[in-house]
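Everything below concerns the one structure shown next.
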């Protein structure tokens, strides 16, 4: 995957990556075709202390091309800007989230999300990473008390996505 713009996170940043994995019974191409454009409001429910996604606003076209953007709005009224930075059909995609209006605005400069879909027997191994770029002095919060809570949030959303893939 490659990007034509400067990435949010460079190799010298001390980011905080959080990764979750799941297996789906469907093929990698089906898993990709379902998850890449999925309606975020149907799979991101609130998992305390994090809000769910209420809706997505201002999406500028299909979610299938680097450079597309949208505004996920959370059920607590906050929002972020999301930009699709990489897209490789049936293999994976990546995006960056910035401009948070919730508590994350005081913790991160932004987040890079990355998905990959690999064959696993007759199904798919799905890997999803959220890589946080902490603000100065905030890394310890993200790597410490924040990480297990966020991992739980991601696992819940990923389980709902796999259920849709396998339905």
So, in nm, how far is label residue 58 from label residue 127 when the simple model puts each one 7 Å beyond its Cα toward the Cβ? 3.3 nm
Would you mind ranking 126, 141 so that the residue whose beta carbon has the fewest other beta carbons within 10 Å leads the list? 141, 126
How tilted is helix 147-166 with respect to the longest principal axis of the chain? Cα atoms for both, answer in degrees (0 to 90, nearest 10). 20 degrees
Once the mean of 1/r over all distinct C-alpha pairs in the chain is inverted, the Kirkwood radius in Å reads 16.2 Å
Extension gain (nm, one decimal) between residue 45 and residue 135, 0.36 nm per residue minus Cα-Cα: 29.8 nm
Quick one: if the Förster radius is 22 Å, what FRET efficiency do residue 98 and residue 14 give, using the C-beta to C-beta distance and rounding to 0.05? 0.75
Between the range 1-72 and the range 130-167, the Cα center-to-center distance that results, in Å: 12 Å
Rel. contact order, % - alpha carbon contacts under 8 angstrom, at least six apart, the chain: 30 percent
√(5λ) per eigenvalue of the Cα gyration tensor, the range 1-97, largest first, Å: 21, 19, 16
Over the range 74-158, the quotient of the Cα radius of gyration and 2.2 N^0.38 Å is 1.21
By counting other Cβ atoms within 10 Å of each Cβ, how are 114, 82 ranked from fewest to most? 114, 82
Among 132-138, 156-162, how do they line up from the highest to the lowest mean number of other beta-carbon atoms within 10 Å? 156-162, 132-138
Per residue of the chain, what 222 nm ellipticity follows from adding -39500 (n - 2.57) for every DSSP H run with n ≥ 4, rounded to the nearest 500? -5500 deg cm²/dmol
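We did not get these values from a lab; they are worked out from the coordinates using the rules stated. Keep in mind it's a predicted model, so treat the numbers as computed, not measured. Because the Cβ atoms are built from the backbone with ideal geometry, glycine has one as well, and the counts that use them run over all protein chains shown.
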